[in-house]
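Some notes on the structure that comes next.
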Amino acid sequence: MRFLANENIPLVVVNHLKSDGFDITSATELYQGAGDKKVLKEAVKEGRIILTFDKDYGYLVFRQREFPPLGVILLRISPKSPEFIYTILYKLLKSGLSFEGYFTVVTERKIRSVPLR
């Protein structure tokens, strides 16, 4: 699976995940200052699953029906520190769950996935 971290995912987290072997790029590096629609469009074009803290992606995907992405992972956790975010994402991405075709919402207590189509 390929991932695109939205700007609200710290770059240090992205770099740690890269060093762990994940195929992940960062909107901070590639599309800094771009709006959510641009990031969504690029994720679709590149075949990447979006990682974000931004609830607006739910609105774009389900209400406005913008460019159906490969998948979205919405983190609904308190971003206590980059290390905490990294730990959550590392465990999630190593879990073996399929994120393709789903809008996945992650809290500290549960994971909920809704089909995108």
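The residues of the stretch 2-24 that are of a type in the set (Asp, Glu) and modelled with pLDDT of 95 or more, listed by number, are Asp20, Asp23.
Out of the residues in the stretch 93-103 that are without any contact (Cβ under 8 Å) to a residue 40 or more places away in the chain and not in a loop (DSSP other than H, G, I, E, B), which is nearest to the chain's Cα centre (by Cα)? It comes out as Tyr102.
Only one of the listed residues (Tyr86, Tyr90) is in contact with an Asp or Glu (Cβ under 7 Å, 6 or more places away or on another chain), surrounded by 15 or more Cβ atoms within 10 Å (Cβ to Cβ) and either in contact (Cβ under 8 Å) with a residue 12 or more places away in the chain or in a loop (DSSP other than H, G, I, E, B) (or both). That residue is Tyr90. A count restricted to the stretch 7-59 and to residues that are surrounded by fewer than 20 Cβ atoms within 10 Å (Cβ to Cβ), among the hydrophobic types (A, V, I, L, M, F, W, C) and either in contact with a helix residue (DSSP H, G or I) (Cβ under 8 Å, 6 or more places away or on another chain) or closer than 21 Å to Ser95 by Cβ (or both) stands at 6.
I'd like to check something: does the stretch 25-32 contain any residue that is at pLDDT below 95 and not in a helix (DSSP H, G or I)? Within the stretch 25-32, one or more residues are at pLDDT below 95 and not in a helix (DSSP H, G or I).
The number of residues in the stretch 60-83 being more than 17 Å from Glu7 (Cα to Cα), among the aliphatic types (A, V, I, L, M) and either in contact with a helix residue (DSSP H, G or I) (Cβ under 7 Å, 6 or more places away or on another chain) or outside any helix (DSSP H, G or I) (or both) comes to 1. Answer yes or no as to whether Glu83 is more than 15 Å from the chain's Cα centre (by Cα), under 25 Å from Gly21 (Cβ atoms) and of a type outside the set (Gly, Ala, Ser). Yes: the conditions hold for Glu83.
The values are calculated or read from the model by the stated rules, or taken from the named source; none is laboratory data. Source: prediction; values computed, not measured. Cβ sites come from the backbone with ideal geometry, for glycine too, and all protein chains shown count toward neighbours.
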